[in-house]
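Everything on this sheet refers to the single structure shown next.
The values are calculated or read from the model by the stated rules, or taken from the named source; none is laboratory data. Predicted model, so just to flag it, every value in this text is computed and none were measured. Neighbour counts run over all protein chains shown; Cβ positions are idealised from the backbone, glycine included.
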Amino acid sequence: MARIRRWVFAGVLLLVLWLLGARPPEAVLLRPMAGTPSPALPALTPSAVPTASPPTPGSRYGLAIVDFRLHPDGPLYAGDRLSFEVEVRNVGRAPLAGGRVEIRRGGPEGEEILAEAALPELAPGASHRVAWTWVWQAPGSGTFPLIGIARGEGAGGATEARWAQLVTLGPQEALPETERRARWAQARSRCCTHVYLTGTAAEADLARLMAWADEAEATVRARMGLSTPLPIYVVWIPRLLGHGGFAVGDSLILTYPVADRLPVDLPTILRHEMVHRMTCAWIGREDCVGHLPALITEGLAVFIAGGHYRPEPLTQRAAALLRMGGWIPLEELVEDFYAHPHEIGYLEAGAFVEELVRKGGWPRFLDFLRSLERRPGDSDRTVLDRALRDVYHQDIRGIESRWREALERLSPDPEQAADLRFVWTFFEALRTYQRTYDPSAYFLKAWLPDWRQAVREGIVADFMRAPDSPEGRRAWQDLQAARAQAARGDIAAALAALQALCRALGCSDVAGPVPERPGLPVPDGRAKG
Ligand SMILES: [Zn+2]
């Protein structure tokens, strides 16, 4: 038996090395792009029956592992608490009634199950994602195969998909000094409890960050007319996730430092996330998030923050967008809001909220927010349209066409047009960089584990480490060079550099410049995420 296991282990190693080509084990990454089927791997044990994935023609049942992620990102060390994410998809023609998904660690002594979960019913084409957070602590350094196995069962048969990658854990002594010394710490400012890691830039600049948070909270609360402050936790992390800020329940997760990586203004991001934190309390409805279309929650955050990533004249900027030909009709934008080109969607949403507030003032806008009501089966468009009719006595098309006429009458603002083009292209390049080289940072699938558990258990790696590869580093340097050019005022050179980077990376939304004329449809960004 032991001989067979050793043979199996050697076989797995050879298989994975063959799949990796000539790359050394340290550079191991066998990660397909989301949406592509996992490679069909032969069975890992001589007794198992190989199953093909996707299914062979004629087979009714098929399962594919379309995404497999291991956290923390970047290099791994002995003692790390590992997390796994697996996404499986029914790629067969028949429904699957259930099944299991397992993560195993291979080794000379056989396979050890590290994590497992049941699969729900999956219709053909349906996907299911499983995440196991901090489920296994790597005991020592070394290299081993990590194997994902998904099994699905249908009424008349079964199917299996496998995935394997080599994982190398360095010795604990190799852990970077900053991470070895980092500990979670907390401090109180007037508005908020600040959670940060010792030895990081957030600790060094804590007084300034606290002052910014207090100012942002006071500004947003005054704007909303909320007399009672809410409990707010601000978690400062060095890892860049998404666009640098997330609001999760009572917590704001913010990247610091951020302005040396993205063309953003941190106080604006703080105000934006504070709006998210306070919106439901302002409306007086605890479950408001489920009722409000994302176009309205994000538009409100952009409007009250006074800009998307930085202070911006929203109406002038929306007029510039209209002239550039990038406009997305509101009834389209409101559906699946986050799948549309991000900077365009947020700008239109923010300017639309500004328009509504201009039309009927703040009290009427609040009535509108309170009348947004999602009934079972309602689309975002239905919810928005009904509330607009009830409160503003116009439907979505009527309001938009009058608003667009007003925007078209504004005189052109070339500065806003140039800046918008730069910001849009920069963030599109950033997101493409993230999807390609740092998928856990991509905002729609960001790895944001529970910070409270991390604090309780002293886990810091997920909030500090990022993947590193020579190609990724080069793309990142190009992105930063363009940001620095724009910061020096050379927007045209920055844009040209970003467009070249975008062509190399394969950005979906802005492969080329958008001509400066109205009526040109914007490249479709629906494929995102
Ligand atoms: Zn937001």
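Does the range 143-164 contain any residue that is outside any strand (DSSP E or B) and under 30 Å from ASP462 (Cα atoms)? Give the steps one after another, and end with the answer.
Applying the first criterion (outside any strand (DSSP E or B)) to the range 143-164 yields 155-156.
Subsequent filtering for residues that are under 30 Å from ASP462 (Cα atoms) retains none.
No, the range 143-164 contains no residue that is outside any strand (DSSP E or B) and under 30 Å from ASP462 (Cα atoms).
What's the number of the only condition in (1) in the same structural domain as LEU119 (by TED's automatic domain parsing); (2) more than 26 Å from the chain's Cα centre (by Cα) that ARG188 fails to meet?
Of the numbered conditions (1) in the same structural domain as LEU119 (by TED's automatic domain parsing); (2) more than 26 Å from the chain's Cα centre (by Cα), the odd one out for ARG188 is (1).
Yes or no: the range 251-261 includes at least one residue that is within 16 Å of the ligand (Cβ to nearest atom), within 19 Å of the chain's Cα centre (by Cα), surrounded by fewer than 22 Cβ atoms within 10 Å (Cβ to Cβ) and not assigned by TED's automatic domain parsing to the domain that holds ALA305.
Step one: of the range 251-261, the residues within 16 Å of the ligand (Cβ to nearest atom) are 251-255, 258.
Narrowing the set further to residues that are within 19 Å of the chain's Cα centre (by Cα) leaves 251-255, 258.
Now drop any that are not surrounded by fewer than 22 Cβ atoms within 10 Å (Cβ to Cβ), which leaves 258.
Adding the requirement that they be not assigned by TED's automatic domain parsing to the domain that holds ALA305 leaves 258.
For the range 251-261, residues within 16 Å of the ligand (Cβ to nearest atom), within 19 Å of the chain's Cα centre (by Cα), surrounded by fewer than 22 Cβ atoms within 10 Å (Cβ to Cβ) and not assigned by TED's automatic domain parsing to the domain that holds ALA305: present.
Collect the residues in the range 219-250 that are surrounded by fewer than 18 Cβ atoms within 10 Å (Cβ to Cβ), small (Gly, Ala, Ser) and within 15 Å of the ligand (Cβ to nearest atom), keeping them in residue-number order.
GLY249
Applying the selection to the range 440-460, what residues are closer than 14 Å to PRO72 by Cβ, part of a helix (DSSP H, G or I) and in contact with a Lys or Arg (Cβ under 9 Å, 6 or more places away or on another chain)?
The answer is SER440, ALA441, GLU457.
Where in the range 348-439 are the helices (runs of 4 or more DSSP H), entirely inside, with at least 2 residues that are touching a Pro at 6+ places or on another chain (Cβ under 7 Å)?
Details: elements: 380-392, 396-409, 414-437.
Qualifying helices (runs of 4 or more DSSP H): 380-392, 414-437.
Applying the selection to the range 469-488, what residues are farther than 17 Å from ALA504 by Cβ and basic (Lys, Arg)?
ARG488
Where residues in the range 102-114 are in contact with an Asp or Glu (Cβ under 7 Å, 6 or more places away or on another chain) and not acidic (Asp, Glu), which of them is surrounded by the fewest Cβ atoms within 10 Å (Cβ to Cβ)? Please lay out each step first, then the result.
Just the residues of the range 102-114 that are in contact with an Asp or Glu (Cβ under 7 Å, 6 or more places away or on another chain), to begin with: 102, 104-105, 113.
Filter once more, keeping what is not acidic (Asp, Glu): 104-105, 113.
Numbers: ARG104: 21, ARG105: 18, ILE113: 12.
Once the filter is applied, the top-ranked residue is ILE113.
Regarding the range 318-337, can at least one residue be identified that is within 20 Å of LYS445 (Cα to Cα), under 24 Å from the mean Cα position of the chain (by Cα), within 13 Å of the ligand (Cβ to nearest atom) and surrounded by fewer than 24 Cβ atoms within 10 Å (Cβ to Cβ)?
The initial filter retains those residues of the range 318-337 that are within 20 Å of LYS445 (Cα to Cα), namely 335-337.
From what's left, under 24 Å from the mean Cα position of the chain (by Cα): 335-337.
Applying the additional criterion that residues be within 13 Å of the ligand (Cβ to nearest atom) yields 337.
Now drop any that are not surrounded by fewer than 24 Cβ atoms within 10 Å (Cβ to Cβ), which leaves 337.
Within the range 318-337, one or more residues are within 20 Å of LYS445 (Cα to Cα), under 24 Å from the mean Cα position of the chain (by Cα), within 13 Å of the ligand (Cβ to nearest atom) and surrounded by fewer than 24 Cβ atoms within 10 Å (Cβ to Cβ).
Take the range 367-380 and flag every residue that is under 18 Å from LEU333 (Cβ atoms) and free of Cβ contacts under 8 Å to residues at least 60 places away in the same chain.
Hits for the range 367-380 are PHE368, ASP378, SER379.
Is there a residue in the range 371-392 that is of a type in the set (S, T, N, Q), over 29 Å from the mean Cα position of the chain (by Cα) and assigned by TED's automatic domain parsing to the domain that holds GLY306? Talk me through it step by step, then tell me what you get.
Initial filter on the range 371-392 (of a type in the set (S, T, N, Q)): 371, 379, 382.
In the following step, the residues that additionally are over 29 Å from the mean Cα position of the chain (by Cα) were identified as 371.
In the following step, the residues that additionally are assigned by TED's automatic domain parsing to the domain that holds GLY306 were identified as 371.
Taking every residue of the range 371-392 in turn, at least one turns out to be of a type in the set (S, T, N, Q), over 29 Å from the mean Cα position of the chain (by Cα) and assigned by TED's automatic domain parsing to the domain that holds GLY306.
Which one is nearest to ASP250 (Cα to Cα), of the residues in the range 293-307 that are within 12 Å of the ligand (Cβ to nearest atom) and in contact with a Lys or Arg (Cβ under 9 Å, 6 or more places away or on another chain)? Walk me through how you get there before you give the answer.
In the first step, residues of the range 293-307 are kept if they are within 12 Å of the ligand (Cβ to nearest atom); the result is 294-305.
If we keep only those that are in contact with a Lys or Arg (Cβ under 9 Å, 6 or more places away or on another chain) as well, we get 301, 304-305.
On the way: ALA301: 16, ILE304: 19, ALA305: 18 Å.
Step by step, filter the range 293-307, then rank; the result is ALA301.
Name the residues in the range 270-285 that are within 11 Å of the ligand (Cβ to nearest atom) and either over 18 Å from MET210 (Cβ atoms) or in contact with a helix residue (DSSP H, G or I) (Cβ under 8 Å, 6 or more places away or on another chain) (or both), would you?
The answer is ARG271, HIS272, GLU273, MET274, VAL275, HIS276, THR279.
Scan the range 244-299 for residues that are among the polar types (S, T, N, Q) and within 19 Å of TYR346 (Cβ to Cβ) and jot them down.
THR255, THR268, THR279, THR297
From the residues in the range 216-244 that are within 30 Å of ASP468 (Cβ to Cβ) and β-branched (Val, Ile, Thr), which one is farthest from the chain's Cα centre (by Cα)? Step through it out loud before you land on a result.
Taking the range 216-244 as the starting set, the residues that turn out to be within 30 Å of ASP468 (Cβ to Cβ) are 233-244.
Subset that is β-branched (Val, Ile, Thr): 234-235, 237.
Working: VAL234: 19, VAL235: 17, ILE237: 15 Å.
Among those residues, the one meeting the criterion is VAL234.
Look at the range 193-211 and say how many of its residues are surrounded by 18 or more Cβ atoms within 10 Å (Cβ to Cβ) and either of a type in the set (S, T, N, Q) or under 25 Å from the mean Cα position of the chain (by Cα) (or both).
7
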